[in-house]
Structure formats: C-alpha cells, structure tokens
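Below: the structure, in structure tokens.
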Amino acid sequence: MTAKDIFRTKFDVASIVLIPACIGINYIGKLFASALKLPLWLDSIGTCLGACLGGPIIGGICGAANNLIYGLTTGDSITLIYALTSLFIGFFVGIMARAGFMKSFPRSIITALVAGAVAIVISTPLNIVFWGGQTGNVWGDAVFAASQAASLPLWLSSLFDEIIVDVPDKIITLILTFLILKALPDKLTSLYDASDEVERLD
Amino acid sequence: MKSISLYKDNGTWLCRVHPFTKLMYIAAVILIPLFLHTLWAYAVAIALDVAILISGKSLKRARALIIFSFTIIATIFLIKGLFDGDNITPLFSLGSIVFYKEGLLKALRTGCVIINMLLSFSILVLTTKPEDIADEMERHGFSPRLSYVISSVFSIIPQMMGTMDTITDAQRSRGMETEGKLSVRMKAFIPLITPVVTSSLINTRERAIALEVRGFGAKGKRSYLRTWKKHKGDKAITILLIIATFLAFIWKIITWLI
Amino acid sequence: MAYIEIDNLKYRYPKTKKLALDGISIQIEKGSFLGVIGRNGAGKSTLSSAIIGLVPQFYKGAYGGSVIVDGLDASRTPVSELSRKVGLVFQNPFNQLSGAKDTVYDEVCFGMQNFGIPSDEMRRRADAMLEKLGIAQFRDRNPFDLSGGQMQRVAIASILVLQPDVLILDEPTSQLDPAGSEEVFKVVEQLTNDGITVIMIEQKIDKIAKYSDKILLLDDGKMVTYGTPSEVFAESEAHGVIPPAPLRLSRALNIADENNSYPATEEAAVRIMNGKVSFKDVREKERTTSSEEVFRIENLSFHYTEGINVLHSVSLSFDKRPTAIIGQNGAGKTTLAKLMKGLLKPSEGSIFFKGEDTKAKTAAALSSSIGYVFQNPDDQIFKPRVLDEVMFGPVNIGMSKEDAERKAIEALGLVHLENAKNRNPYDLDLHERKMVALASVIAMDTDAIILDEPTIAQDDSGKNLIARIIGELAEKGKLVVSILHDMDLVATAFTRVIAMANGSVIDDGKPEDVFRDESTLMKAGLELPHVASLGRKLGSESVLLTDKDFLESAFIRE
C-alpha cells in the first residue's frame, strides 16, 4: 500500500455525514463511561471509528471538530486546547487502520499504543503550558504530586501523569473500536471504500 | 427535545451581538494578558468578563460552568505551592507543611488563565445559538459542509441519548445487570454502546441519501433564508478589539527586544 | 418518448453475488401513478434508487442497462442534479430530516437553499406547502419533536418545494402508526389530483389498489407483471403479495365487473357486489378459553411527570389467551407493557405476576419469566453473529451454554432464520433483524412474552409467520401480549383484544365483539379489518374477521 492509498480521502456526502455521527459517538462514550462509573474517559471512540472508516484525514477532522464544537457550545472550553491532541489521534489511528493495523485484535493493541503515545506527546506540553503540568485526573495528579515532591523535573512528572491517564484509556477505546468495527455490516463499510468503481454489466 | 447547547435567549443585548464579535472578544481577552504578562491584566480581563456577563444577565449560569475548575485550581495551588522546582521563599506554613511564594504565584497565574478563559467562553456559549455560528460561518465563505457538521451534531446527540435509554431497557429485559461490581459494569458497556454506535453509523447512510436528494452536493450558488444584520456596534467593537490586541502584541515585541 | 425509460436494468450491490435487479424494462408516463409491489427483497427500493441515480452513483456495485429520466442518464447525472426532477421520500422519518435545522420551516427550506432559490421565492413556496400538507402549525417546532406522521409530512413537504416532476414514495408509512399513515395517505391522495407523477412502493396493498393507474410486480429482482391492478393481482399471490381483500373475496364468489375483472378497491367491490350478496348469521366462534391467571393488574396509574397521568387506574387480568392491545399512539399501550415487564414502576396500584407483586423486582430479575421484544431491533443487537445475539438472553438468565445454544437454534428455526445463524445481524435486512430480536426473546423460554409492534417492516409472508409463531407459543402454554396496529393480524391471530384510548381501557373482549362496537373504534381511532369492513358495508350483521368467516357467511342472492 502506497502513501497515496493511505491518505486517500473521499469528501462525498457520506463522509461528511460520518463526522457528526462520530462526534456524537464520542459524547455517548463519555456519557456511558460516567453513567457506569468507569474510571476512564472513553471519549474518543467516535474519532477512532471515523479514522478507521474514512482514513487519516477524516479521522483528524473528526477529532479536531469534536473538541472545537464541544468547546464552543457546551461550555467545556478546556477541551478546545486538546483539539490538537484529538486531531493527531484521529490522524494516526487512520494511518494505522489503512496500514492494516485494525485487522486483528493484537494489531489493534499496537494501534492503541500508537494512539496513547500520540496523546502523551501532544498533551504533555499542553498540560504544562495551561495547567502547570497536571491533567485533572485524581490518580494521574497523585503521581504528579509524588514525582514533584521527589524533585523530578516538571516535564517528567507531567509525562507520568499523562501516561497514567491516557494509555489505559486509549487501549480500552481501541479494543472497543475494534469490536464495533467487526460488527459493522459490509453494506456500510463499502460506502467508505475509497478505491471503488462502478463495474459495468453490459 | 433536550439540547446539549447551553444557549438561552434571555432577551438581553448580549444575545443580539454577532457571534463573530464574541469570538473576537474571546481572542482579545485571552491574548492581551498573555502579551502583557502581568497579573493586573488578568484581573482587568476577568473583571471585564464578569461585567459583561452581569449586564447580559448570565453570570449565574456562567458560575455553574466554572465551578468545576475550582478543585483543579486548588490542587494546582497545593502542588505548586509545596513542590515546585523554583520554590525558594517560604510564604506561610500549616504545621510542618511549608508553602512557597514562587510556586503560589505560578499557581495564581495558571488559575487566572483558566478562569479568564472559562468566563470569556461562557459569554459566547450561553448567549449564542450554535446554529447561528454555523450559519454565519457559511454565509461568510466557509464550506456549507462545515456548517452542516456543526449544526447536525446538535440534533444527533439528543437522538442518541434517547436511544440510549431504550437500549438500556432492552438489554435489562434480556437479563443484563447494569449495576454492581466494576466487572459487571465493564461487561455491560459493550451491549449498551454497540447498538447505539452501530445504528447511528448505519443511519448515516440514509441521512446521506436524504441530503443527496435535497441537492446538498449541488454545485452552483446557494441562497439563504435569513441574513443577520450586523449592528453598527459590532463593527466598532471588533475594530477596537483588533487594535488593542495589536498594541499589546507590539508591547510584547518591544519588551522582548529590550 | 416516455418521461422515464428503463431498459434492461441490471444491478448488483458491492460485495454480493446475486443481482438485486435483473433485466427490468419499463416506461413511466408523465402524470401517472405507478404502484410497485413485491415481497421483501424483491428489488423495489433498489429500483427507486436507480431512478434517482443513487444506484449506482452512491452505492457503487455493478450496473447494466440504462435508466433515462427526461433525457438524462441516471447512472451519470449527479444525484443532486437529478433531484431537481425526481424527489425521493423513504421509510424512516427520522433519517430523512437533514439533521441540521432546528425548525420545521428551516428544514423545509434546506433543499431550496442548496439550489440557490431566492429567499422570497423560498418563503412563498414553503408557506404554501406547509399550508397544503397541514403542517403550518408546526413551523417553528423542532422537527425531531414531531410524531412520525408529522415528521414524514415535513419530509414530503421539503421534497415537494423543490417542485420535482416525479415523486418516489418508498414505503412512506411502513414505520408509522395508523393515524400517522392516514395523515400521509391524505397527502398522497391530494397529489393524485395535482397531476404529479408518483411512484409508490407500499406493503399496504389496499392503498396501492386505490391509487395506482398501473402496478409493477417484482420478485427476486425480476419483473413479473406490469399492468392494471386486476391484471397484476391475478398473479401476485404466487409472488408473495396477497391481493386486497375486496379482490380476493369477489374472486372467490366469482362476482366480476362488466369487463370481467375483479374489483381491487372496497369502493368498486361494494358497487358491484351490493345486492348480489347476502349473509347468514355465523355461529359463535369456538375458541380456547383459559382460566389460569398470569397477570393481575389492580388500579394501575402511572405518570412520567407529576400530575400528568399516562395511565388512569387500569385494572385488568390476563389469562393465557393471546391478547392484542390496540389504540392510537399516546393511548398508553407501551407504558402499560413496560410496567408489566417491570421496566417502569407503578405510580399507584400494583401488578401481580402469577400472584406475586412485581414492584420489588428489577426488569433484569423478571427476565427469566417475562420476555419483551422491543419495536426497533437495532436497540438491542450488539453481537457480530446472529447465534451469539440470540444466546445472550438465555445465558444471562443462567442457562448453561449448551442449553442456551439449543434454545437459540430452536428459536431461530421458529423464525425461519436457522441458515443465518453465523451471519452478521446487521448484514440482514430490517425485517430479518426484527425476527432475530424476536428469536432472542423466544429463546429465553419465558412464561409470558410481550411484543411491541412485531409486524412493522414485514411483508405478507412475514406477517403470516408471526401469526403462526403466536399460535405456537400459545399452544406451548405461554401468554403472548402484543401491541399491534395491523388490524388484519389482530383479527386472525388473537382471541382477545384490549382497546385503549387516553390511558384507559375502553373495550376488552373477543375480536368480533370489540370490532362490532363502532363507538369503540371511533374512540380508539381505529379502522375495521379489511374483510370485516367490506362485510359490514355489504350488510353483514356479524363481524366477519377472516376470509373463511366471510365466505362461510356470504351467499349469492338469486
């Protein structure tokens, strides 16, 4: 598969309609996670699905649009800052999926680790700039406080904090994404197949 | 249908202000203190936010939006005040725990950034209809696809939340427990979320058809049902904000050079 | 040249092997009303998608032959261009709203904006259309807050304002309640007078018979007949479409009109048969009775919001007779069913299941004795394999894996889906997914089963199958309670009918008794089953529920 295949994107109506659905799925994931009192965010399932179906560009758009829309309308303006993180998660998950790393369960774990790494690399500097290094998650911040008390550099404490928060979340998120993708019918996934032509019968 | 948007038309002038003016205000009120880099600039910005919210009769609703950040800000004060790497000057102590001036000042600055941001955004969020932002963007040359994405998120989420309740009922009817130990709740997650996700993805197919047959993909000039007549104040304020931000930027450059 | 010319059209969906359309050739004249009939999977919707170019442009796949609409090649002209000439309205009212507009008025204008129609023209058309379709009072409401019938009329309005030459209605009422369907058919009736070309796909065969100039019968992607209603109905039964009651009955009695064809509509049948047929009194039907009480409901009231009761002090007792609950939307049928299942808790009064008060039990705890099949199968399906989906419930209530699998396969056999057990449920069609959901509850082997609108999306053979399943479950000693708006099925498959209106039970008894009382029907907003209706119009004293009743009672006057 060439780079051109990986980044090929259809901007037809079907892809446009996919984006709000994915943004909605992100929201529902978050809502269910909090209704069931799970210790995870689970707010990027939709972004990952969008990335797997529509490719890296659609994935990135899903991610960025997600944070921008929620930030500008639901009052949760903190999420705006993390639009960058979501964008890159969607983008890289899309690349992984097109490269075949969502085809089996073990492979999707590798995608999860990539997504986790992306989240850490992008979010840590943002955390440092805007929050002095914390994430706002109880467990993560406890680790942050402990490493600060042990006089570790700020960026390292912040990195630990971020790892604790994001890696488990991304692993569960991509496992869920994998299971959902497997359940999707062919007639839906074929809509997003970027390389299809109409065959003539006569 | 319950919307996820916090917009409410309370009849005040703030709801009549053009969304772009509010966006410009947010940009200015966040950037200017950043350029000036002094605490008093944050104090002025926050005071301005609060004044606008009061005159727009929305302060009470804004409070609900910022209150959640207080615990985070408190932990920032705690961790910075106690452990920050630059801590030298003890300010006060509680028993054997010593708080340092440097860390607390950093925490104060971070706290101000957060509060200022939350307040300025709440001005937009509480008094602007999301569909209006989308429509205005489209009318000013942004792609109609972009404005479609924005508007449709607001209809899709309440729909999904409605199905969520039905799904919970349907799975409980088949003997699935949704309460109890963490493992029980974890196991419930997949039967609950898969149907809503799958059906909303499947619905996108019909939604796409519905848009196609109403010419959404049509080329050529589009028309609009309404036009938003900008108040002359909108223009004046926007220019003022741009000038102020620009001056602050110049100030930043000058102080940086000398 | 006809307005629409379809020549040897062939089409196959991507990733499938079978042709969905196979050699269709028809011509549709401007101003005519074409009915398209056939069993589920016959290719009706695919054909309508081909006329507007969605097949093949949107669905891709393999395509042959040609579809020419007003001189344009539908396989190449962009759908957004073709939609200036052809409008499409389909089943699900929710999914055909744009989803981007929060008032009915803006929704109706959405398409016109895309075509760049000037705003004063837009307003003129929208105002006129809202008025015409009787939805002007909703103009500032959120379209998603409307009922199905209202929403569907908004969808039709937003297509008609684009002023297409042809309107395709793809089963526009299949997901609506009776009142909603009537609202839509009123609109359809108006359209027939306007001279717009209409292509309507419908399972409600009496409506097809009433409006169509010509009917196209499809089966297995192929064209069976294309002709006048009486021509088509002469052979439709072999292809899974039961002809309308008036035609069936007049044919059985051999009463034809002057052209030697049998009347397809009630109106025509009454005209021809009146005076020629008399009815003798039918004997009281023998029915199984049951005295064993399964549910007892005492003074049950319920409200979602304090002060607004949805149910008003309902008292009922259920024995093992198959029972249909009928009434309009908002009558309280689903609320009652959910209370019986324990999904809701009574605001006042109590429900006893086999003598035990259910108040303290959760829906999950009751699931081993009371099953509930929801209206929309997509609200429950989550496993990627049909068999696993059907086994989910049995395993939850503590059956061993082996027992669960045995029960699941048995249930799948009952709904005729044993061959689909390894497939992905979402690759099945809606009517099959409904059967999967039904099987997933039958497999739990509960003493009582509650069904919410099981016949939606089913064709004639699906409806017959459901009637058979209800009979078999009753024979096994299970109580079946079903919320239903298909009166023909109520008449044939149930021995007890409960009619509800405004949160109260207004009638309760044998079907012939409930259907006898015209004031009950009025209050519940219901229509007579088609056979009974014809019988009554021809002067029968008794309520004739089935073809058999009718033919036993009717005799030709010499």
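No lab work stands behind these numbers, since they all come straight from the coordinates. All values derive from a computational prediction rather than experimental measurement. Here the Cβ positions follow ideal geometry from the backbone for every residue, glycine too, while neighbour counts run over all protein chains shown.
If the cut-off is a Cα-Cα distance under 22 Å, which lysines reach A:K37, setting aside same-chain residues fewer than 8 apart in sequence? Qualifying lysines at Cα under 22 Å: A:K170, B:K181, B:K187.
With a cut-off of 9 Å between beta carbons, the residues surrounding C:N114 carry a summed charge of +2, where Lys and Arg count +1 and Asp and Glu -1. Put in order of Cβ neighbour count within 10 Å, fewest first, the listed residues C:R433, B:R205, C:R283 become C:R283, B:R205, C:R433. Each of C:V198, C:L47, C:I483 was placed along the dipole of chain C (beta-carbon charges, centred on the mean Cα), and the one lying farthest toward the positive end is C:L47. Under the simplified labelling scheme, the A:V121-B:A47 pair shows an inter-label distance of 4.5 nm, with each label point 7 Å from Cα along Cα→Cβ. Partner aspartates and glutamates whose Cα lies under 12 Å from the Cα of A:K10, excluding those fewer than 8 positions away in the same chain, are identified as A:D193, A:D196.
Between the beta carbons of C:T228 and C:I556, assuming R0 = 22 Å, the FRET efficiency works out to 0.30 to the nearest 0.05. Centroid-to-centroid, using Cα positions, segment C:487-558 and segment C:4-56 are 38 Å apart. Only helices enter this figure: runs of n ≥ 4 DSSP H residues, each worth -39500 (n - 2.57), summed and divided by the residues of chain B, yield -24500 deg cm²/dmol at 222 nm to the nearest 500. Looking at segment C:406-462 from every direction and averaging, what is the projected area of its Cα convex hull in nm²? Answer in nm², one decimal: 4.1. Using the alpha carbons alone, the radius of gyration of segment B:111-258 stands to its Kirkwood radius in an Rg to Rh ratio of 1.14. Each part reduced to its alpha carbon centroid, segment C:118-146 and segment B:234-251 end up 43 Å apart. Taking a ≥ b ≥ c as the square roots of the eigenvalues of the Cα gyration tensor, segment A:10-192 is classed as prolate, since a/c reaches at least 1.5 and a/b is larger than b/c. Helical runs (DSSP H, four residues minimum) scored at -39500 (n - 2.57) apiece and divided by the length of chain A put the mean residue ellipticity at 222 nm at -24000 deg cm²/dmol. Each Lys or Arg adds one and each Asp or Glu takes one away; over the other residues whose Cβ falls under 13 Å from the Cβ of A:A145, this sums to -2.
Amide H to amide H distances under 5 Å link C:I199 with C:L34, C:L167, C:I168, C:L169, where only residues 5 or more positions off or on other chains count and H is placed in the peptide plane. Each Cα pair under 8 Å and six or more residues apart adds its separation to the average, and for chain B the resulting relative contact order is 29 percent.
For chain C, averaging the sequence separation of C-alpha pairs within contact (under 8 Å, six or more residues apart) and dividing by the residue count gives a relative contact order of 14 percent. Rounded, prolate or oblate: which one fits the protein assembly as shown, using the alpha carbon gyration tensor with axes a ≥ b ≥ c (rounded when a/c is under 1.5, else prolate when a/b beats b/c, else oblate)? In terms of gyration-tensor shape, prolate. Computed from the C-beta positions of C:S313 and C:D513 and an R0 of 25 Å, the FRET efficiency is 0.60 to the nearest 0.05. Compute the distance from the alpha-carbon center of segment A:114-139 to that of segment C:218-267, in whole Å. First find each Cα centre; the distance between them is then 70 Å.
Adding -39500 (n - 2.57) for every DSSP H run of four residues or longer, then dividing by how many residues chain C holds, sets the calculated 222 nm ellipticity at -10500 deg cm²/dmol.
The calculated FRET efficiency for C:S400 paired with B:S96, based on their beta-carbon distance and R0 = 51 Å, is about 0.25. Take the Cα of C:D220, step 7 Å toward its Cβ, do the same at B:I242, and the gap between the two points is 7.1 nm. Ranked for footprinting exposure by Cβ neighbours inside 10 Å, fewest first, C:Y3, C:Y372 give C:Y3, C:Y372. Computed on segment A:10-192, with alpha-carbon pairs under 8 angstrom and 6+ residues apart, the relative contact order is 20 percent. For segment C:322-329, backbone phi angles converted through the Karplus equation (6.51, -1.76, 1.60; θ = phi - 60°) give residue-by-residue couplings of x, 10, 9, 10, 10, x, 6, 4 Hz, Gly and Pro being listed as x. Here the Kirkwood formula puts the hydrodynamic radius of chain C at 25.3 Å, using every distinct Cα pair. Considering only A:G75, A:G100, A:G60, give the residue with the highest GNM mean-square fluctuation for chain A, with springs between Cα atoms whenever their separation is below 10 Å. Checking each option, the largest mean-square fluctuation is seen for A:G75.
Distances between placed amide hydrogens fall under 5 Å for C:D219 paired with C:V224, all partners being 5 or more residues away or on another chain. Taking Cβ atoms as reference points and 14 Å as the exclusive limit, the residues near B:A41 contribute a net charge of +1, counting Lys and Arg as +1 and Asp and Glu as -1. Around the amide H of C:S313, modelled in the peptide plane, lie the amide H atoms of C:S301, C:F302, all under 5 Å away and 5 or more residues distant in sequence or on another chain.
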